[in-house]
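As C-alpha cells, the structure follows; a few thoughts come after it.
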Amino acid sequence: MSSKDKKDAEATIVARNRRASHDYHLEETVECGLVLAGSEVKSVRGGRVSLDEAWASIDDGELWLNDCNISEYAAASWTGHAPKQKRKLLVHKRELKKLIARVETKGKTLVPLKVYFNDRGFAKVTVAVASGKKQFDKREDLKKADATREILRALRRR
C-alpha cells in the first residue's frame, strides 16, 4: 500500500459532494484545513454536514467555504454557530497563488469534494478546480457508465 493509500485509509470521511463529478469536469485537487468553532467541530464529528450547495471562493487573498451547512449542535449553549456562515480554508501561500491563477481563467470554479478528519484529528476539506459540464457531456458520461456496467454484467455471466 502506498503512502497516499495509507493517508486515505486513516482519514474518516464525514461528507462527500457526490454531484460534483456529475456537474463538473474536475481537474486539480487541493487539501485545505478548515477553521471551525467548538460546536461546529462537534456537529461535523457527528456527521451533520452537507456539501450539496457548497462552493469555495477567494476573497482578499483568502480562501473561503460558502454555503456549507453544518447543523447546530444540540448540546451547545446559546453561543452556538450559524449553520450556513462563511468558513475560512487554510492553504499555503504558493498553493493559493496557483488556485488564483487557475480560477482566473474563464469558466473555472472551486468546488468542495469532501470533508474529513485526518489521522491527527484535524478537519480537512478537499477542494477541486473545476469547469461546468454541458447537458450533452452529462448524458455522454451516463452512456459510458451504462456501457461499462453492461460489459461487466456480461463478463460475470460467463
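No value in this document is a laboratory result; all are computed from the given coordinates. This structure is a prediction, so every number in the text was calculated from the model and none was measured. Backbone-built Cβ (ideal geometry, glycine too); neighbour counts: all protein chains shown.
Only helices enter the 222 nm calculation for the chain: every DSSP H run of n ≥ 4 contributes -39,500 (n - 2.57), and dividing by all residues gives -10500 deg cm²/dmol, rounded to 500.
What does a probe at Asp141 reach in region 18-37, counting residues whose amide N is under 11 Å from the point 7 Å along Cα→Cβ? Those under the cut-off are 18-27. Based on the alpha-carbon gyration tensor of region 87-158 and its eigenvalue square roots a ≥ b ≥ c, which shape applies: rounded if a/c is under 1.5, prolate if not and a/b is larger than b/c, or oblate? Oblate is the answer for region 87-158, as a/c is 1.5 or above yet b/c matches or exceeds a/b. Taking θ as phi - 60° and the Karplus parameters 6.51, -1.76 and 1.60, the scalar couplings of region 105-121 work out to 5, 5, x, 9, 9, 10, 10, x, 9, 7, 10, 7, 9, 7, 5, 8, x Hz in sequence order, x denoting glycine and proline.
The longest part of the chain holding none of the exposed loop GluC sites (Glu not before Pro), meaning those outside H, G, I, E and B in DSSP with at most 15 other Cβ atoms within 10 Å, is 73-158. The local environment of Cys32, defined by Cβ-Cβ distances under 10 Å, has a net charge of 0 under the rule Lys, Arg +1 and Asp, Glu -1. Each of Lys93 and Arg19 was given a label point 7 Å from its Cα along the Cα-to-Cβ line. The distance between the two points is 3.8 nm. Loop-located chymotrypsin sites (Phe, Trp or Tyr not before Pro) in region 56-158 (DSSP state other than H, G, I, E, B) with a sparse environment of at most 10 neighbouring Cβ atoms within 10 Å: Trp78.
Sequence-ordered 3J(HN,Hα) estimates for region 30-41 from the Karplus curve with 6.51, -1.76 and 1.60 and θ = phi - 60° stand at 9, 8, 10, x, 10, 8, 10, 7, x, 5, 5, 4 Hz, glycine and proline given as x. Over the C-alpha atoms of the chain, the Rg to Rh ratio, Rh being the Kirkwood estimate, stands at 1.04.
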